[in-house]
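**Student:** Quick one: structure below, then a few questions.
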Amino acid sequence: MTSWKFSIAAVAAVALTASAASADTIKIGFNTPQTGFAAADGKSVLTGAQIAIDTVNAAGGVNGKKLELIVYDDQAKPKFAVPIATKLIQQDKVAMGISGSYSAPTRASAGVYQNAKVPYVSAFAVHPDITRAGNYVFRTGILGSVLGKAAAKLVGEKLGKKRVVITIMKNDYGKALAAGFKSVMANYGIQVVKEYQYSLRDRQFGPIVSSIKGDNPDAIFDTGYWFVAAPFVSQLRAGGVKAVVVAQEGYDGVKFIEIAKKAAEGVIIVTALDRDSKDPAVRKFMTEFKKRTGYGADMVGASGHAAVMVAAAALKKAGSTDRAAIRDALATIKVDAITGTLSFNKLGEVQKSLKVQEVRGGGWHYHSEITDAKLLTPPDK
Amino acid sequence: MYEISLLTVMCFSVIFALSLNLITGFCGQISLGHAAFYGIGAYTAALFTTDGGSFWLALPLAMAVAGFFGFIVGFASLRVRHDFLAITTMGVGFLFTGFVRQQEFLGGEEGIAGIPDPGIGQIPYMLLCAVLAAAVIAFSLYVKRSWMGHAFDAIATDEDTARTLGIDVARYKLTAFVFGTALAGLAGALFAHYVKFVEVESFDFIESISVLAMVIVGGIGSVWGVVVAAAFLSVMPLLLQVFADFKLLFYGVLLFAVMYFAPGGIDSLMRMLWRRISGRRTAG
Amino acid sequence: MNYSDLLVQGLVEGCIYALIAVGLTLVYGLLRILHIAHAGIFTLGAYVGLLLTNETGSFAAAFVITVVAVGFFGMAFYRLFYEPLLDKPPHVALIASIGLFVAMEEIYRIVFGATSISFLAPPLKETVEVAGVRLEEGRIVVVILAVVLIGGLAVLAGRTRIGIAWRATVSDAAMAESFGIDLARVRYINFFVASALAAAAGIMVALLLNQVIPTMGGVPAYKALAIIVLGGLGNVKGTLIAALALGVIESFGTIYLDDVLDRDAIAFAFLIAVLMIRPQGLFSRR
């Protein structure tokens, strides 16, 4: 079984990186859930990050040194994230850190990194307050509020749907998406028929589906993650709701289609990864990811990859492992990553154009792009 | 420093574990929802200090609020017993998380960030936690030897017999709940100002199980056993990073193995060892 | 808002709860053990059923094999892990069971991977209309299964030798033994039935969601604990009623109670309210 072999390899890798600390490598700290409820995302993000590390090292590393990822399991819990951040900074003496974890542990460790003045890049944690920890904290993932605005443009302008139901996942991500969507929807003539909330532990949506049927919307904007979304979309279609489902990065993985099967057809999302891209870096990432994990690439894996690429570019630009120099490099950098061309604003948020992908014939495919720079501008304070 | 960070975690975990030991260990009232009181303490302190309140006032305030809710839940222990109480307290835990998730003023699912630093520095904060832990250990030892400790013990052994002996069972049970939950609130306040961020997942059912595991692995009712178990189990996941993939499995197996082979926990193992050593001494 | 829709959805969910909770209450009734690891057995059923279906291509065959196999697994589980703990104080088995549950979830993650797996070609996905309510075939099968399996169990318990032996043991183990009933055998059969029911629930949940993950047992298991307490620990009839009632209450609660309390907490709010008024549950045996 591939996944079984993978776990052994991952353990070996973690054990090796933890012990083999040598002076000829540049160390990057990496906290990620490898056990417990969030382990699936942890596995994806770590795989993406390791692919990036291997790519950089195969090309000779950075400033003549190889990159080394120091990985610790935080179980997605703040209580473990704080001592781990301390350990990475003080014992492992990493040049910088990357969070391959959720918002809660990332928010907790961002403060530790900021206090120690060590650069910290969040790969896919979305809470708006993360970068507000200070000028040493950056985010390569896109903010929920920005994605939400882009989704409103997609629904109202590109698809021409005006009567919309919003289904909100009750966490920072879902709420930020919904807020972003609502903040600009009037510009596109969208009217919200009704809003529903659900928790990310919910899998039975019968009651919500029956209610949506009565609302009879033109489109449904859903803010959930794929593992919640797949049963949701299946149950919507089984319940006879035919409105188009518009969603976001949280859906972006092959698993969503594997679970929802036929019901997934026609779902449209705003995301950062174009799966039909001819870019060799994207193609290589997709095949390598599948080879290492046994399942198709997802957005979480791509964010891990992008975060490491940004780190590598910053280290190169800084020309040393001086933490202040790396921070300054990050602040002014422009990187072509697989999730788009990334650069940071003064808050440490990323600005990039977005891809629209659609499920056709059992796979994600190119639909269009959203390049409206004004709409996609992240907050800068 | 990293070691200081670990020691801090150990110290407030010891307080948390001993607080449950008062209720479950001394007084025999099983609780599967103790993390709720840890959470009440953490949220109380977090709300208070983010609103500009003093950290030193936040500690007794957290104790008072947690103890107040403990008093209410204590009444439940007068109504239901044994397995019913286990599930009722488990329900209290779920009710706490279910309620917090929906409350905007508690940060909902997102939690409360930006809890201010107590402003005393990392090492003094660790020492503060250590001093408080030592005080709770001393308090536990004192209670155990006092008349109240004997009354608790009688209730834990057989409630009905205790009642016929003239012990005011209701009063002692409520006392155990108030003391135990107030101390859990203290531990929660210390936790909140260590992580500087509270969210509801930190106080879920798994956390309740974890603290119960500390009490049981230490040896139910034993003060020193629980201290050792809490100190070890609280930082075990961080120490076992090398076995990253297997540490939760190890944890589960450990819980089972202790129950299977040594239901008395570390306490009974230490006693056995002691008996062997002293036995040899008298023989030789 | 369509009330009949909400009611039917709730009843289907209640049937799933019933399949899980009946096993739990059977174990408690006989052994006084809160069998938390029951959730691990539920998840095992989901994994085995899904992998067998993908391997053989036949959902029906995989279902039958899984239910029987997991039933036997439950017997072995009892023999290895619980039997030696029977004479210890009740908290010992409870904590041991929690430890086993944590360990099982981790073993599934290490063996099957942390990421969800799905049916290659999930059956029973068409929708049919019953009395104005559109339902997936899989949901109708859940209801049929609950009625047939639990109904069959009731018939067995009332009419057969082993059923009578089982009931005698539940009401007074020492007395039953003195009448020549083989306690060990009754307990084995008890665990077989409980585990087989959990496995059936596991496969059906796997099919309805078309995803199996290591931690899928958690939430239903905790709710099942609330259900068996509401039903009056060890009381099968009470458990059934409580399971269906909770399904319906949650269904309406999702729409009408959402601002106050998380859906997963409704069961416990209901439970605590009931226990404060009736400390022995809604339907106590005495």
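The numbers here are math on the coordinates, done by the rules we state, and not lab data. Just so you know, these numbers come straight off a predicted model, no measurement behind them. Every residue, glycine as well, gets a Cβ built from its backbone with ideal geometry; the counts of neighbours run over all protein chains shown.
**Student:** Compute the length gained on full extension between A:D328 and A:K158: take 0.36 nm times their separation in residues and subtract their Cα-Cα distance, giving the result in nm to one decimal.
**Tutor:** Numbers: separation 170, 0.36 × 170 = 61.20 nm, distance 3.88 nm.
So the extension gain works out to 57.3 nm.
**Student:** Kirkwood hydrodynamic radius for the stretch A:187-299: how many Å is it when counted over pairs of different Cα atoms? Don't skip to the answer; put the middle values down first.
**Tutor:** Values: mean 1/r = 0.0652 Å⁻¹.
In the stretch A:187-299 this quantity evaluates to 15.3 Å.
**Student:** Okay, moving on. Could you pull out every residue, at least 5 positions away or on a different chain, whose amide H is within less than 5 Å of the one on A:I333? Hs are placed 1.01 Å off N in the peptide plane, and Pro or chain starts have none.
**Tutor:** Residues meeting the criterion, in which the H sits 1.01 Å from N, are A:F344.
**Student:** Say the cut-off is 31 Å between C-alpha atoms; which of A:K149/A:K346; A:K87/B:K173; A:K317/A:K374 go over it?
**Tutor:** On the way: A:K149/A:K346 21 Å; A:K87/B:K173 43 Å; A:K317/A:K374 28 Å.
Cα-Cα > 31 Å for A:K87/B:K173; rest within.
**Student:** Right, next: Which of C:A131, C:A60, C:A103 moves most in a GNM of chain C, Cα contacts under 10 Å?
**Tutor:** So, out of C:A131, C:A60, C:A103, the one fluctuating most is C:A131.
**Student:** What is the mean number of Cβ atoms from other protein chains located within 10 Å of the Cβ atom of each residue in peptide C:224-231, rounded to a whole number?
**Tutor:** What the average comes to for C:224-231 is 3.
**Student:** Same structure, new question: Please average, across the residues of B:72-80, the number of beta carbons from any other chain that are within 10 Å of each residue's own beta carbon, and give a whole number. If you can, show how the numbers build up before the last one.
**Tutor:** Details: counts 0, 1, 0, 1, 4, 0, 1, 5, 8.
Mean partner-chain Cβ count within 10 Å for B:72-80: 2.
**Student:** Just subtract the alpha-carbon distance of B:I277 and B:M236 from 0.36 nm times their residue separation and send over the number in nm, one decimal.
**Tutor:** Working: separation 41, 0.36 × 41 = 14.76 nm, distance 2.87 nm.
Length gained, B:I277 through B:M236: 11.9 nm.
**Student:** Let me understand the stretch B:150-284 better: what is its radius of gyration from the alpha carbons, and its Dmax, in angstrom?
**Tutor:** Cα radius of gyration and Dmax of the stretch B:150-284 are 18.6, 58 Å respectively.
**Student:** Moving to a separate point now. Distance in nm between label sites at C:R167 and A:N57, each 7 Å beyond Cα in the beta-carbon direction?
**Tutor:** The answer from the label model is 6.9 nm.
**Student:** So, with +1 on the Cβ of K and R and -1 on the Cβ of D and E, and no other charges, what is the size of the charge dipole of the stretch B:2-283 about its Cα centre, to the nearest 20 debye? Don't jump to the answer; show the numbers that get you there.
**Tutor:** Working: 15 positive and 18 negative charges, 254 e Å.
Dipole size: approximately 1220 debye.
**Student:** Also: Using only Cα atoms and rounding to the nearest 10 degrees, what angle (0 to 90) does helix A:299-318 make with the longest principal axis of chain A?
**Tutor:** 40
**Student:** What are the extents of the Cα atoms of the stretch C:1-50 along their three principal axes, listed from largest to smallest and rounded to whole Å?
**Tutor:** Principal-axis extents of the Cα atoms in the stretch C:1-50, largest first: 44, 29, 12 Å.
**Student:** Let me ask another. What is the fewest-to-most order of C:W166, B:W56, B:W147 by other Cβ atoms lying within 10 Å of their Cβ?
**Tutor:** Working: C:W166 24, B:W56 12, B:W147 8.
In order of increasing Cβ crowding within 10 Å: B:W147, B:W56, C:W166.
**Student:** Further, regarding this structure: Going from the alpha-carbon gyration tensor of the stretch B:2-283, what semi-axes, largest first and in whole Å, does one get by taking the root of 5 times each eigenvalue?
**Tutor:** Working: eigenvalues 171, 115, 67 Å².
Semi-axis lengths for the stretch B:2-283 are 29, 24, 18 Å.
**Student:** Quick one: helix A:172-184 against the long Cα principal axis of chain A, what's the angle to the nearest 10°, folded into 0 to 90?
**Tutor:** Approximately 60 degrees, to the nearest ten.
**Student:** Need one number: nm distance between label points at A:Y366 and B:R81, each 7 Å from Cα along Cα→Cβ, rounded to one decimal.
**Tutor:** So the label points at A:Y366 and B:R81 sit 7.4 nm apart.
**Student:** So, one more: Would you mind checking the radius of gyration and Dmax of the stretch C:150-286 based on alpha-carbon positions, in Å?
**Tutor:** Taking only Cα atoms of the stretch C:150-286, I get Rg and Dmax of 17.5, 57 Å.
**Student:** Which of the residue pairs A:K27/A:K77; A:K316/A:K355; A:K262/A:K381; A:K213/A:K355 have a Cα-Cα distance greater than 32 Å in the structure shown? Write down the numbers at each step before the final one.
**Tutor:** Numbers: A:K27/A:K77 23 Å; A:K316/A:K355 28 Å; A:K262/A:K381 43 Å; A:K213/A:K355 30 Å.
Result: A:K262/A:K381 exceed 32 Å.
**Student:** In addition: What is the order of A:I269, A:I333, fewest Cβ neighbours within 10 Å to most?
**Tutor:** Lowest to highest Cβ neighbour count: A:I333, A:I269.
**Student:** Write down the radius of gyration of chain A and its Dmax, each obtained from C-alpha positions, in Å.
**Tutor:** Radius of gyration, then largest Cα-Cα span, for chain A: 20.2, 65 Å.
**Student:** Now, a different point. Could you line up C:I144, B:I220 from fewest to most neighbouring Cβ atoms inside 10 Å? If you can, show how the numbers build up before the last one.
**Tutor:** Numbers: C:I144 11, B:I220 27.
Fewest-to-most Cβ neighbours within 10 Å comes out as C:I144, B:I220.
**Student:** Another one. Going Cα to Cα from A:K291, which lysines come in below 18 Å? Please leave out same-chain ones fewer than 8 positions away.
**Tutor:** A:K5, A:K43, A:K255
**Student:** Further question on the same structure: Once the convex hull of the C-alpha atoms of the protein assembly as shown is built, how many Å³ does it hold per residue, rounded to a whole number? Show your work: numbers first, answer last.
**Tutor:** Details: hull volume 161.7 nm³, N = 951.
So the per-residue Cα hull volume is 170 Å³.
**Student:** Next question. Where in the stretch C:138-157 does the amide nitrogen come within less than 18 Å of the point 7 Å from the Cα of C:R185, taken along Cα to Cβ?
**Tutor:** From the stretch C:138-157, the list is C:156-157.
**Student:** What does the net charge come to around A:E265 if you take all other residues with beta carbon closer than 10 Å to its beta carbon, with K and R at +1 and D and E at -1? Walk me through the numbers on the way to the answer.
**Tutor:** Details: positive: A:R237, A:K261, A:K262, A:R360; negative: A:E358.
Local net charge: +3.
**Student:** Oh, and also: In the stretch B:96-178, if every C-alpha pair distance is counted and binned at 5 Å from zero, what percent goes to each bin?
**Tutor:** 3, 12, 13, 10, 9, 12, 14, 12, 10, 4, 1
**Student:** For peptide B:233-239, how many partner chain Cβ atoms fall within 10 Å of a residue's Cβ, on average?
**Tutor:** Values: counts 0, 1, 2, 0, 11, 8, 0.
That average works out to 3.
**Student:** Could you give the size of the charge dipole of the protein assembly as shown about its Cα centre, using +1 on the Cβ of each K and R and -1 on the Cβ of each D and E, expressed in debye and rounded to the nearest 20?
**Tutor:** On the way: 82 positive and 69 negative charges, 149 e Å.
With Lys and Arg at +1 and Asp and Glu at -1, about 720 debye.
**Student:** I would also like to ask the following. Send over the Kirkwood Rh of the stretch A:336-381, from the inverse of the averaged 1/r over different Cα pairs, rounded to one decimal Å.
**Tutor:** Numbers: mean 1/r = 0.0823 Å⁻¹.
When all Cα pairs of the stretch A:336-381 are included, the Kirkwood radius is 12.2 Å.
**Student:** Which far-off residues, 5 or more places away or on another chain, put their amide H under 5 Å from the one on A:I168, with H placed in the peptide plane?
**Tutor:** A:Y196, A:Q197, A:Y198
**Student:** Enter the angle in degrees (range 0 to 90, nearest 10) between the Cα long axis of helix A:78-90 and the first principal axis of the Cα atoms of chain A, meaning the one along which they spread out most.
**Tutor:** On a 0 to 90 degree scale, this one is about 30.
**Student:** Given B:T49, B:I206, B:L106, which one lies farthest toward the positive end of the charge dipole of chain B, if we put +1 on the Cβ of every Lys and Arg and -1 on the Cβ of every Asp and Glu?
**Tutor:** In chain B, that residue is B:I206.
**Student:** Please turn the phi angles of the stretch A:258-273 into ³J(HN,Hα) values with the Karplus equation 6.51 cos²θ - 1.76 cosθ + 1.60 (θ = phi - 60°), one per residue in order, whole Hz, x for glycine and proline.
**Tutor:** 4, 7, 7, 6, 4, 4, 6, 3, x, 5, 10, 10, 9, 8, 10, 10
**Student:** Right, something else. Jot down the per residue volume, in cubic angstrom and as a whole number, of the convex hull over the alpha-carbon atoms of the stretch C:21-216.
**Tutor:** Numbers: hull volume 24.8 nm³, N = 196.
So the per-residue hull volume is 127 Å³.
**Student:** Set the Förster distance to 51 Å, then compute FRET efficiency between B:S268 and C:I255 from the Cβ-Cβ distance, nearest 0.05.
**Tutor:** Values: r = 52 Å, r/R0 = 1.03.
Given R0 = 51 Å and the Cβ-Cβ separation, E is 0.45.
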